[in-house]
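Worksheet for the structure shown next.
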Amino acid sequence: MRVGLNCGNDGIAERDWYGVAPDAGQKRRGLDSPFSFPSKGTIDSVVVMALLSSILALRRDARILKIPPYLSALCLIVGIAWLLVLPLNEYSRGTYISENALLPGQVHTYFGGSEHNVFRAYRHEVFGLIDKPVEERSHKLETIFKEQNLKVATQKYNFTVSNRTIANENVYAILQGPRADATEAIVLVGAWRNMDNEINNSGVALVLTLARYFKRWSLWSKDIIFLVSGDSTIGPQAWVDAYHDAHDERYVEGLKIKSGALQAAVAVDYPAGPWGHRYEKLHIVYDGVNGQLPNLDLFNTAVQIASGQMGIACGIQNMWRHNDAYKVRLETMFRGMLSQGMGYATGPHSSFIPYHVDAITLQTVGDGWHDEISLGKTVESLFRSLNNLLEHFHQSFFFYLLLHSNRFVSIGTYLPSAMLIAVNFSIAAIALWVQSGRSTEPIANPASTAPKDKISDKPASTSSENPSTSAAADPGTVKEPPNPPSPAVEVIKKDGAVSIVPKSLTTVSERHLLLPLAFVLVLHFAGLIPLYVFNHWDEDHLQGLFLTAANITVVIPIGIAFVFFNNRPLSTQETTLIQCFSLLLLGVFLAVLATLNFSLSFLVGVSCIPFSFIRRTGSLGLNVALLGLMALLNPLLVMHAATYLLGGNMALILEKAAQGWHIWGLWTQVVVFLVWLPAWAINTSVIATGAFE
């Protein structure tokens, strides 16, 4: 049967309890009769309108806002768990060569014999240049290259970073391939000092020896460039910048001679002294600036030649004893992520990768029975494989995580973990946006579509249904029961169906966006101040500046909250919108960053996890406790604590960061000072406003 709906004076007459009025066609067919059955189309219309009313009502249902925190937590748990299962065999793969033209280890190497004596002679000559001035050292190296009938040139560079001048000189020579047309080249690098600031005595001597040795072969289809750089990072960066005409002539001298497009680069780090040193294994360093990586085929070729052809064990990420167990794989992966996330140059090879020149460094480690001849044979075989390339490296992966020298995880497998962390912030932002537009007018059971008399706590009185019966029971009563005031309603039409819902369900509170948007943008752009100061401050006082900045940034959010409290207190909606915009920007930044530098995105995202759940409350004590927790999450304090726990040197890290900004184009500081630190400051300021109320 039908139930009437009294809508007051809004002109809406009898309706069934679904809120759908019978149309004229239904009346002609007698469907308004209590003994008639509606058609299928009428039933579908009723169901659609019931669902529409329910969906509209969900906007005001308080239960809907209880879901996002659990959904965010689910994304975080799955994202972190996803990363932890990557070392398992089911989620990782063994390495393989994708470019068939490389043919690693398929050639017979001839380096040895008389070349061993030549190497020893060069090593003593290099040892004699250690205490010589830069100009005299460069002149001697230039003379050696000229004796081998190679084209030789030098390049000077002079940088000023953190009030410290860095000046040195590169020496390089070009071997024109007998079968080459000067359109492609391969680079062999021997830095004068390695990453540990040791004299790369045997490494430079090996470069000189291989230059003499390669000159005798007529099989080269590419030019070979031999580079002896002044140091391991700045010198190669100055040279490769000038090679691609991307240098600043105020600090870097241009190159006098060039060859063709660089296809690959291999650096040798062998700091053995004049009497030599036998090593145990090769440590292959592959991390580039800003987390960029060389093509996996180059790494796999070096590993296959060294371990397969020469019998030299290979290691990565300073893992000297790797038993291929889950724990060791996980540690190797985390070390690689930390190095990639920091983004600094890890060797001479790092400077080449931003120019899409795949490069690695071969570093000798340990005490064993391998000597310079085995290393020379490895480099020879590697260069002969690179000589076979018909086009640039492109077949294999450029984005990967290495678990071992022969096992990796591709981007399609590991990327979802960082994306889930980023999505968590977007979910929290959407929930805050919905919350900011909710009206304060309460509605009982807003998502229900049941009739009013069905959801009422008390059943409807029979007197209200049959007034005549009530009058018969009490003849003296002639007054009709008063009708409660009808709520404002709105007619919703969709696809020919009509539904009536209270206006409070469809009305959204006006959002005041100007102040929240301005506040978020100002704090994000304020990150330019520490970005500039840390990259231009005096090197000797960088660590003191860092500790001072860490203390100041803890106080700044409290000062911001105090200013607002005394001049213009923020409303609940405004604080909600401030956190909403902050988390939305954080989620977008991290999602984009994950495709460029997965490790940095993941590390920053994990550090920002509490921002998704910490909110301002009405309790003063709880707000103060949350404020203390946020103070411990200060990015500068987190970085200082992480450096201490990992045994790092904060002063050295700050120095390398400043060098990276001016020389390598490092943008890790941009993420820290323009994304992470502002997100923390914004959320901490919101919590601090609750402590003043």
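The values are calculated or read from the model by the stated rules, or taken from the named source; none is laboratory data. Computed from a predicted model, the values in this text were never measured in an experiment. Backbone-built Cβ (ideal geometry, glycine too); neighbour counts: all protein chains shown.
Structure above, values below:
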| quantity | calculated |
| --- | --- |
| Helices (runs of 4 or more DSSP H) lying entirely in segment 576-693 (those with 1 or more residues that are more than 30 Å from residue 248 (Cα to Cα) and at pLDDT below 95) | 620-632, 635-645, 677-691 |
| Answer residue from segment 321-346, given it is in contact with an Asp or Glu (Cβ under 7 Å, 6 or more places away or on another chain) and either outside any helix (DSSP H, G or I) or of a type in the set (Ser, Thr, Tyr) (or both) and is surrounded by the most Cβ atoms within 10 Å (Cβ to Cβ) among those | 346 |
| Residue 97, sole failed condition from (1) touching a residue at least 24 places away in the same chain (Cβ under 8 Å); (2) surrounded by fewer than 17 Cβ atoms within 10 Å (Cβ to Cβ); (3) of a type in the set (A, V, I, L, M) | (2) |
| Any chance residue 390 is closer than 19 Å to residue 98 by Cβ, touching a Leu at 6+ places or on another chain (Cβ under 9 Å) and either part of a helix (DSSP H, G or I) or aliphatic (A, V, I, L, M) (or both) | no |
| Residue check for residue 269: surrounded by 24 or more Cβ atoms within 10 Å (Cβ to Cβ), under 20 Å from residue 410 (Cα atoms), touching a Gly at 6+ places or on another chain (Cβ under 8 Å) and in the same structural domain as residue 230 (by TED's automatic domain parsing) | no |
| Restricting segment 347-374 to residues that are surrounded by 20 or more Cβ atoms within 10 Å (Cβ to Cβ) and β-branched (Val, Ile, Thr), the residue that is farthest from the chain's Cα centre (by Cα) | 364 |
| Candidates 190, 203, 230, filtered to the one that is modelled with pLDDT under 95, surrounded by 24 or more Cβ atoms within 10 Å (Cβ to Cβ) and on the phi < 0 side of the Ramachandran plot | 230 |
| Elements of type strands (runs of 3 or more DSSP E) in segment 157-264, at least 1 residues being assigned by TED's automatic domain parsing to the domain that holds residue 390, charged (D, E, K, R) and under 34 Å from the mean Cα position of the chain (by Cα) | 164-175, 184-189 |
| Enumeration of residues in segment 78-105 that are hydrophobic (A, V, I, L, M, F, W, C) and under 21 Å from the mean Cα position of the chain (by Cα) | 78, 80, 81, 82, 83, 84, 85, 86 |
| Condition check for residue 405: in contact with a Ser or Thr (Cβ under 9 Å, 6 or more places away or on another chain), at pLDDT 50 or above and under 30 Å from residue 572 (Cβ atoms) | no |
| Among the candidates 318, 290, residue that is under 28 Å from the mean Cα position of the chain (by Cα) and either buried (at least 20 other Cβ atoms within 10 Å of the Cβ) or hydroxyl-bearing (Ser, Thr, Tyr) (or both) | 290 |
| Set 631, 651, 641: member being crowded, with 16+ Cβ neighbours inside 10 Å and closer than 18 Å to residue 544 by Cβ | 651 |
| When residues of segment 293-315 are limited to those that are closer than 13 Å to residue 399 by Cα and assigned to a loop (DSSP other than H, G, I, E, B), the one farthest from the chain's Cα centre (by Cα) | 295 |
| Any chance residue 395 is at negative phi, modelled with pLDDT under 95, not in a loop (DSSP other than H, G, I, E, B) and not basic (Lys, Arg) | no |
| Residue identified as surrounded by 14 or more Cβ atoms within 10 Å (Cβ to Cβ), modelled with pLDDT under 60 and aliphatic (A, V, I, L, M) among 52, 86, 76 | 52 |
